[in-house]
Structure formats: C-alpha cells, structure tokens
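Have a look at the structure below before the remarks.
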Amino acid sequence: MKLVLLYVLLLKAMVTTFSGTATLPVVRQDFVVRHGLLTDRDLNLAFTAGRSGPGPNGIYLVSVGYLVAGIPGACVAWLAMITPAFLAIPLVRLVGARVDNPRLLGAIRASTAASAGLVLAANVPMARDALTSGALAALAVGSFAVFSFTRIDSVWVILAAALLAWISTEA
C-alpha cells in the first residue's frame, strides 16, 4: 500500500470523527470492508494493542499502520493521528466566538449521537469475531456492567476479566 494513501485514509478517520475510538467505524470501513487490507481479527489485534497501554484512545491507529505497512506505516499513522491537533488551534479560534449559537450546539449534539451509533455499528462485527464462546460473551457483558455501574478501578476489572478468560479457555 502506498504510504500517502495510508496517511489520507487515517487522516480522514481522524478528521471526520472526534478522534479516539470514534475513528473505529471509519477505519473498519476503509481497511476491512472497502480495501481488504485488514481482517476484523487484525483490527481487533491493532485495537487491543493500542488500548492496552497508556496514551490517547486513538493510538491504536499506529498499530493499524504497522499491520498494513510495517514500521513506515506506523510512522505515517502517527503523523495522521497528530495532524488534526495542529489544525485545532485555528479551528477553536474560528468557532470559539460562536459557541453559544444554538444551531452550533445542536450540530455538536447530533454529531456526537451519530458518532456513538457508528462506534456501536463497527463494534458488533468485531465482537462477533472476538467473543467465540458463551463464557467470553458473558464475561464481556459482566465487565461492561462493572464499568458502567461501579467505581472499581478499570485496572482491576481488566485484570479480573483477563484471568477469567484465561481460566475459561483452559477448562
């Protein structure tokens, strides 16, 4: 794959979403569905690798770039990931004066809701690929419930889920 095309596809994902994990539907559409550069399993791997350590939510794009084009792909993905940050300063200056405009607030709310729907739509096929047994599906639902309704630190939930997944695959 040409590195310029990789940069453009990842930059499109970053610019057309609110960054972070909201880029996932766009990345999946471009890299898995449209161009066939990755499988859902590859995208799961990249997403897990990127989210396993500290850093911004969108850092998984570097893993996507690496899986597509090796180390040069990872470098290009990193550049695509940071480019919008350099565009944010003039945008904030331009839009900041109009932030109280009801139409602008409505557009922001609508795009946030649409982004949430796209993230859900992109995660369903990836979940089908990752949750290969009833035990893993129950573990995912249980982890979601713990994250949603308790104040338990996420490190403990992740460690407990990893331990339970390992036990369920060994049994």
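Summary table below
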{"quantity": "Those residues of region 83-108 which are surrounded by 10 or more Cβ atoms within 10 Å (Cβ to Cβ) and of a type in the set (D, E, K, R), in sequence order", "calculated": "Arg98"}
{"quantity": "Candidate set: region 29-54, residues that are part of a loop (DSSP other than H, G, I, E, B) and more than 18 Å from Gly73 (Cβ to Cβ); chosen: the one modelled with the highest pLDDT", "calculated": "Ser52"}
{"quantity": "Residue within region 20-39 that is over 15 Å from the mean Cα position of the chain (by Cα), surrounded by fewer than 19 Cβ atoms within 10 Å (Cβ to Cβ) and farther than 24 Å from Arg128 by Cα present", "calculated": "no"}
{"quantity": "Residues located in region 45-78, provided they are surrounded by fewer than 16 Cβ atoms within 10 Å (Cβ to Cβ) and touching a residue at least 60 places away in the same chain (Cβ under 8 Å)", "calculated": "Pro72"}
{"quantity": "Hits in region 4-23 - residues which are part of a loop (DSSP other than H, G, I, E, B) and over 11 Å from Met81 (Cα atoms)", "calculated": "Thr16, Thr17, Phe18"}
{"quantity": "Filtered residues of region 159-171 (kept if surrounded by fewer than 14 Cβ atoms within 10 Å (Cβ to Cβ) and either within 22 Å of the chain's Cα centre (by Cα) or modelled with pLDDT under 85 (or both))", "calculated": "Leu159, Ala162, Thr169, Glu170, Ala171"}
{"quantity": "Checking Val26 against (1) part of a helix (DSSP H, G or I); (2) among the aliphatic types (A, V, I, L, M); (3) out of contact with any Ser or Thr (no Cβ under 7 Å at 6 or more places or on another chain), the condition it does not meet", "calculated": "(3)"}
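The values are calculated or read from the model by the stated rules, or taken from the named source; none is laboratory data. All figures in this text were calculated on a predicted structure; none of them were measured in a lab. Glycine gets a Cβ as well: all are built from the backbone with ideal geometry, and neighbour counts include every protein chain shown.
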